[in-house]
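The values are calculated or read from the model by the stated rules, or taken from the named source; none is laboratory data. Computed from a predicted model, the values in this text were never measured in an experiment. Glycine gets a Cβ as well: all are built from the backbone with ideal geometry, and neighbour counts include every protein chain shown. Please note that ligands, DNA and RNA were not included when accessible areas were found on the heavy atoms of the full protein model with its side chains. Shrake-Rupley method; radii C 1.70, N 1.55, O 1.52, S 1.80 Å.
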Amino acid sequence: MASSSRGHFSSRLGFIMAAAGSAVGLGNVWGFPTKAASNGGAAFLVIYLAMVFLLAFPMLVAELTIGRHGQSNPIASLRSIWTKNRAAAALFGIIAMIASSMILSFYSILAGWLMGFAASPILGMLGLQTAADWLVNFSDLRNVLLALAFSLLTIYVVRKGVADGIEKWSTRLMPVLFILFGVMIAYIFTQDGAMEGLKMYLIPDIAHITPSLLVDAMGQAFFSLSLGVGAMIVYGSYLKKDVNLPKTAAQVAAIDTGVAFAAGLLILPAMFVAKNHGVEIFDAAGNLMSSGDLVFTVLPAMFDNMGSAGVLLGFGFFILMVIAALTSSISMLEVPVSCAQDELKMTRSQATWMIGGAIALLSIIISLNFGALFNLVANVSTVYMQPLLGVVWAIVVGWVWHRNKLLDEIKQGNPEIAQSLFWKIWPWYVRFVCPVAILMVFGYSLI
Ligand code: PHE
């Protein structure tokens, strides 16, 4: 099963950076703050934190454990547990592969736009105004070319493999992201209006806590921790047996949540700074502008109003987004690539080009049928497939896996775990609470 030629993360820090890189993405730096902004700020924050701790974190441990046990691609890892029903293992492994490919196909389009918004002010400064405008205005050609450019970046990193590609680039890019964040937050706090946004973000308004907020917060937590689609299963499979799984999962979840929180500290104040500069942030009905408008209209308008500091700030902001997106997109592509490599005996380079190319084609098709397909693909993959696959993983770990064997796996890297509080609660929790709670929240989202 565990072929010796398989890559591994070379260090614990490397793994944490890669897994946190997968987790920290547009979901954190864009999805979380804009959802928080339109759902009563702090009310969303509180519910989101509860969802991460109560549902997403236990599932992250489950997915990493499945992968580490299998030491193989998600299909084979599932098979190593589901020994009596190999067909089900293959089926759900393939569904996970499809889900992660679908997410990547729409994610590349968004990330492409962000690349355009990063490059635009630079071209503007160089006097290439037509090109600068083209990059930030919606057109089929722009959408296609930028999505392709981002897809190539993703393919470039994944083709290099686990230690030389994914780990190396995550370890390089994640610290850059942290520093950029710090600088931008510090700057925005010096601007007038920032405090108003901060208040909205940190003082909860209980009236906003509704059942649909729970649905949003759960979806956000699952998306943010890259759950359901096999990304964490495949990253777990590159972990060595001496790693303490619950502790590592906790660190990854903490970094992810920390970055989402920090993104809120940046975006909510920035919205009100923009308002102070005369930029509309509420529509005529008094509702906050849509999340796309916030990122692509409100913030650029604010940067524009800030003169040359704004050019730099705008560039930094969008580069930050692109970095976050890239360390996530590589984990999405790694799911099908690892399956093709092992199951179809392709070389990594073949698998990456073929599958990365096919997903890029899907991005092009979505770009050219944007109105009909973009939301459809995003919804099917994130609202339906992610939580339902999460339920399947909970069943695999909670019901299919023999408890003693599960203990044997999780004990490696953590010999005392059998006596811990974690072990008293978690297996039972993943068996009963996780599937039921996920299904309840999911069911509510349907009605
Ligand atoms: N967690 C990533 C984000 O927040 C998205 C993602 C989803 C990555 C599923 C991998 C798998 O943007």
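Some points to look at:
- The orientation-averaged shadow of the Cα convex hull for the chain, equal to a quarter of the hull surface, comes to 20.7 nm².
- If you plug the beta carbon distance of A250 and L126 into 1/(1 + (r/R0)^6) with R0 = 41 Å, you get a FRET efficiency near 0.35.
- By the rule of a C-alpha distance below 27 Å, with chain neighbours fewer than 8 residues away ignored, the lysines paired with K345 are K84, K160, K168, K240, K241.
- Surface share of carbon and sulfur [accessible, 1.4 angstrom probe, percent] for segment 233-337: 60
- Between I425 and A207, the distance separating the two model label sites (each 7 Å from Cα on the Cα→Cβ line) works out to 3.4 nm.
- Along the axis of the charge dipole computed for the chain (Cβ charges of +1 for Lys and Arg, -1 for Asp and Glu, origin at the Cα centre), the listed residues V430, L153, L213 are led at the positive end by V430.
- Here the Karplus relation 6.51 cos²θ - 1.76 cosθ + 1.60, evaluated at θ = phi - 60°, turns the backbone of segment 25-32 into coupling constants of x, 4, x, 7, 7, 10, x, 4 Hz, with x for every Gly and Pro.
- Applied to segment 292-297, the Karplus parametrisation 6.51 cos²θ - 1.76 cosθ + 1.60 on θ = phi - 60° returns per-residue 3J(HN,Hα) values of x, 4, 4, 6, 9, 10 Hz, with x for Gly and Pro.
- Size of electric dipole in the chain: Cβ of Lys, Arg +1 and of Asp, Glu -1, about Cα centre, debye, nearest 20: 1620
- Computed from the C-beta positions of L54 and K240 and an R0 of 25 Å, the FRET efficiency is 0.30 to the nearest 0.05.
- Förster radius 51 Å - calculated FRET efficiency between L91 and V183, Cβ distance, rounded to 0.05: 0.60
- Per-residue ellipticity at 222 nm computed for the chain from its helices equals -23000 deg cm²/dmol, with DSSP H segments shorter than 4 residues left out and the rest contributing -39,500 (n - 2.57).
- Between L376, L388, L49, the GNM of the chain built on Cα springs shorter than 10 angstrom shows L376 fluctuating the most.
- Relative contact order of segment 12-368, defined on C-alpha pairs under 8 angstrom at six or more residues apart (%): 39
- Span from the segment 138-205 Cα centroid across to the segment 284-357 one, whole angstrom: 7
- Charge dipole magnitude, Cβ of K and R +1, D and E -1 - segment 116-208, Cα centre, debye nearest 20: 420
- Positive end of the dipole of segment 1-116 (Cβ unit charges, origin at the Cα centre): among N73, N28, S100, the Cα lying farthest that way belongs to N73.
- Remark: the E280-N137 segment gains 49.6 nm on full extension, using 0.36 nm per residue and subtracting the alpha carbon distance.
- Working from label points 7 Å from Cα in the Cα-to-Cβ sense, the M354 to V380 distance is 2.3 nm.
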